[in-house]
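Values quoted throughout were computed directly from the atomic coordinates according to the rules given, and no laboratory measurement underlies them. Since the structure is predicted, the reported quantities are computational estimates derived from the model, not experimental observations. A quick note on method: Cβ atoms are made from the backbone with ideal geometry, for glycine too, and the neighbour counts reach across all protein chains shown.
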Amino acid sequence: MADPSILSLLGLARKAGQLVTGEEPVGAACRARHAKLVLVASDAADNTVRRADHFCRTGNAPLLPLPFTKLELGLRLSRGPCAILALTDAGFAATTAERLSVLNPDCASVAAELRLRANRVLERQQEQKRHEKNLRKGKRPPWAPPPPSGDPPSRPRGGRKPPSASSGIATRSRSPGSRPSRRNRRP
């Protein structure tokens, strides 16, 4: 007996925009390497299965058979009969493969591999969020060395060294009643 929770998960993925249906869109998703898992209906034609296998080899995505017919998939996904699907989210792909591995133990290795990929994607997303938070808060990167102790303080960042009398730069003097030029005025 097929697990209806798999169909519910596919419907949720469709609503989230993470499910691609149909032969041409699945092929495009695989060529762009967006597909994480390709699924084929139980009553799909041999030519469709062969093309799906070719798409998977091109896009480095696993191919798993579904225990549902094209009509069942189409009804659940609110469209016509559907023989080939692709999940573009690593989490949805891993969860679907895990639920399929309960029905078909041959899918267990694929499910484990997809779960590892999903965990790596999740770690990268969390690291990106931490990085963006640090940028918003203005924290310095942890690899910035502390200022050396005992040395005189360095010049302010981006500032110029103030002119000294011994630097050899002559300053213009102006008459007591004149105003500084527009360029030299202070705001």
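Points to keep in mind about this one:
- In the stretch 77-117, of all residues being free of Cβ contacts under 8 Å to residues at least 24 places away in the same chain and of a type in the set (Asp, Glu), the one that is surrounded by the fewest Cβ atoms within 10 Å (Cβ to Cβ) corresponds to Asp106.
- Options Ala61, Ala35; residue that is in contact (Cβ under 8 Å) with a residue 40 or more places away in the chain, small (Gly, Ala, Ser) and not in a helix (DSSP H, G or I): Ala35
- Restricting the stretch 66-76 to residues that are within 16 Å of Ser5 (Cα to Cα) and either of a type in the set (Asp, Glu) or free of Cβ contacts under 8 Å to residues at least 40 places away in the same chain (or both), the residue that is surrounded by the most Cβ atoms within 10 Å (Cβ to Cβ): Glu72
Here is a yes/no grid of residues against (1) within 19 Å of Arg117 (Cβ to Cβ); (2) buried (at least 22 other Cβ atoms within 10 Å of the Cβ); (3) under 22 Å from the mean Cα position of the chain (by Cα):
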| residue | (1), (2), (3) |
| --- | --- |
| Leu12 | no, no, yes |
| Leu37 | yes, yes, yes |
| Ser42 | no, no, no |
| Asp46 | no, no, no |
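- The residues of the stretch 14-32 that are surrounded by 15 or more Cβ atoms within 10 Å (Cβ to Cβ) and of a type in the set (A, V, I, L, M), listed by number, are Leu19, Val20, Val26, Ala28, Ala29.
- Where a residue in the stretch 5-18 is closer than 12 Å to Thr96 by Cα and its partner, wherever it lies, is basic (Lys, Arg), with Cβ under 8 Å and at least six apart: Ser5/Arg99; Ile6/Arg99; Leu7/Arg76; Leu9/Arg99; Leu10/Arg76; Gly11/Arg76
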